[in-house]
Amino acid sequence: MSQDHAEDFAVAPEYRVVGATSHANGAEVDAKASEAHGADPGPEPKEQKPVRVWRAILILIIGAAAVAYSGISGRRQDDQKLKQWTQEQAIPPVAVVTPKSGGAVRELVLPGNVDAFYSADIHGQVKGYVQEWRKDIGAKVKQGDVLAVVDTPELDQSIAVAQSELAKSKANLALAKVTAARWNSLRATGAVSEQAADEKDADSRARQAEVDAAQSNVDRLKAEKGFANIVAPFDGVVTTRNVDVGSLVRADGTNATALFTVADIHQMRIYVPAPESYAAELKDGIKATLELPEYPDRKFDATIVTTAHAIDQKSRTLLVELLADNKDGLLAPGAFTRVHFQIPPDPNTLTVPASALMYRDTAPKVATVGADNHIVLKEVQVERDLGTVVEITGLSPDARVVANPPDSIADGEEVRVMEAAGEKTPAPAERQGAVRPRNPESADETAQTGRDHGE
């Protein structure tokens, strides 16, 4: 090697850039180095070409190693995240709810029957024929108003006979009194015996008793005559009329059909057969509202006034009586109604979904989640079954209750708690902040994904 060439190799490294990526850049640097030493840039020496080739090869090797390391490192991270997600998915997810303390006012809807405050079926008490009727159905009546008049010819004849008997008894009494007075006046003279005078006094008293009996009979018949006028027993409205002019009225007890029915509707009584499970809740004074089919846009207020305080053995129901004002007269006796009771909540009970209950060893239990996300089975007492929810005791208000526990859940089992009941298990990318893997849309894309991981 000549001295000029040695100088070129000595100077060139000071101006060459390590990591260049093209032969053109290397040639430019060599040209600048030659100019710096005052040499004339001529044809490049043949010995420099192998050096540049090896430099490019070295750069390519380093770049390939960096790409390989990046791919391996990224794939290792993806595998680590996949492993972590798989482990998390192995823990069963559960949806938890918090028990509600007492809850809001509960509404209980039961069917009921509307009845009048007072209702009387009026039957005939004397035998005869209806002479006239004065009040028809729907008529408002006052106490003592005549509803119908019954013609009683047989009763009138009986009254006439009784009055004649009374007159006869009075005449006999008058004669007996005169006779007794005369015999008593002769008793002092000894003209009559004491026995005879006493007999006349006794006969006078007997005649007096006959007069009293005859008078009582006349009064009785006249009282019966008073029932020939059928009157209203109280203020109200006529709801039934089963007679017409000329109808036969019997007073022998065989007439089962009432002549009239009068109802007092200023207030209405509502009778509701409540199930036994609600017997303890339906107490006097509880408010309720009535819903009637004929008035769909209106509700009527009512209040419980009493209950039967006994459970019917056939229906297992408690008869509840409510009272409702009926000033406008819209409520009618015999109507069907839906009674909405407003039952206050029990502050000592908790409300949980019915699906949260588990029946093991004949005792109801619920699965709760502890602070370490492990299951703790707790035994509870069911106070009331409300269908979709149940009221229970024996649980703390801040407990986290599994809304729908699987049959295989066990005490101490680790679970993954969801944020709310009914929420789906979050995807692993959402839970760890990783990029969600794409779902390849074609076989080519799937193959390309495999080649990328292989590289």
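The values are calculated or read from the model by the stated rules, or taken from the named source; none is laboratory data. For clarity, every value in this text was computed on a predicted model and none was experimentally measured. Cβ atoms come from the backbone with ideal geometry, glycine included; neighbour counts cover every protein chain shown. Ligands, DNA and RNA are excluded from the accessible area calculation, which covers all protein heavy atoms including side chains. Shrake-Rupley method; radii C 1.70, N 1.55, O 1.52, S 1.80 Å.
Mind listing whichever residues of segment 298-338 are open to solvent by 40 Å² or more (accessible area, probe 1.4 Å) and among the acidic types (D, E)?
Hits for segment 298-338 are D301, D312, D325, D328.
Would you confirm whether any residue within segment 340-358 is surrounded by 18 or more Cβ atoms within 10 Å (Cβ to Cβ) and closer than 30 Å to P296 by Cβ?
Yes, segment 340-358 has at least one match.
Going residue by residue through segment 199-216, is there one that turns out to be open to solvent by less than 60 Å² (accessible area, probe 1.4 Å), under 24 Å from Y129 (Cα atoms), outside any strand (DSSP E or B) and hydrophobic (A, V, I, L, M, F, W, C)?
no
Is there any pair linking a residue in segment 270-284 that is within 17 Å of R384 (Cα to Cα) to one that is among the small types (G, A, S) and surrounded by 16 or more Cβ atoms within 10 Å (Cβ to Cβ), with Cβ under 9 Å and at least six apart or on different chains, and which?
Short answer, once both residue conditions are applied: E281/A274; L282/A274.
Run down V245, V262 and say which single residue is modelled with pLDDT of 90 or more and assigned to a loop (DSSP other than H, G, I, E, B).
Working: V262 fails: assigned to a loop (DSSP other than H, G, I, E, B).
Of V245, V262, the one residue that is modelled with pLDDT of 90 or more and assigned to a loop (DSSP other than H, G, I, E, B) is V245.
Here's the yes/no breakdown for (1) assigned to a helix (DSSP H, G or I); (2) open to solvent by 100 Å² or more (accessible area, probe 1.4 Å); (3) modelled with pLDDT under 85:
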position: W54; (1), (2), (3): yes, yes, yes
position: Q77; (1), (2), (3): yes, yes, yes
position: K81; (1), (2), (3): yes, no, yes
position: Q84; (1), (2), (3): yes, no, yes
position: A104; (1), (2), (3): no, no, yes
position: G112; (1), (2), (3): no, no, no
position: F117; (1), (2), (3): no, no, no
position: A120; (1), (2), (3): no, no, no
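Name the single residue, out of those in segment 366-382 being touching a Pro at 6+ places or on another chain (Cβ under 9 Å) and more than 11 Å from V402 (Cβ to Cβ), that is least open to solvent (accessible area, probe 1.4 Å).
V380
Being on the phi > 0 side of the Ramachandran plot, out of contact with any Ser or Thr (no Cβ under 8 Å at 6 or more places or on another chain) and either surrounded by fewer than 17 Cβ atoms within 10 Å (Cβ to Cβ) or assigned to a loop (DSSP other than H, G, I, E, B) (or both) is the requirement here; does G285 meet it? Let's see the steps before the verdict.
Values: on the phi > 0 side of the Ramachandran plot: yes; out of contact with any Ser or Thr (no Cβ under 8 Å at 6 or more places or on another chain): no; either surrounded by fewer than 17 Cβ atoms within 10 Å (Cβ to Cβ) or assigned to a loop (DSSP other than H, G, I, E, B) (or both): yes.
Considered against the rule, which asks whether it is on the phi > 0 side of the Ramachandran plot, out of contact with any Ser or Thr (no Cβ under 8 Å at 6 or more places or on another chain) and either surrounded by fewer than 17 Cβ atoms within 10 Å (Cβ to Cβ) or assigned to a loop (DSSP other than H, G, I, E, B) (or both), G285 comes out as no.
Say we look at segment 157-190 and pick out the residues that are hydroxyl-bearing (S, T, Y) and assigned to a helix (DSSP H, G or I); which of these is nearest to E224 (Cα to Cα)?
S158
For segment 349-371, enumerate the residues that are free of Cβ contacts under 8 Å to residues at least 40 places away in the same chain and either more than 24 Å from Y278 (Cβ to Cβ) or under 24 Å from the mean Cα position of the chain (by Cα) (or both).
Across segment 349-371, the qualifying residues are A354, L357, R360, D361, T362, A363, P364, K365, V366, T368, G370, A371.
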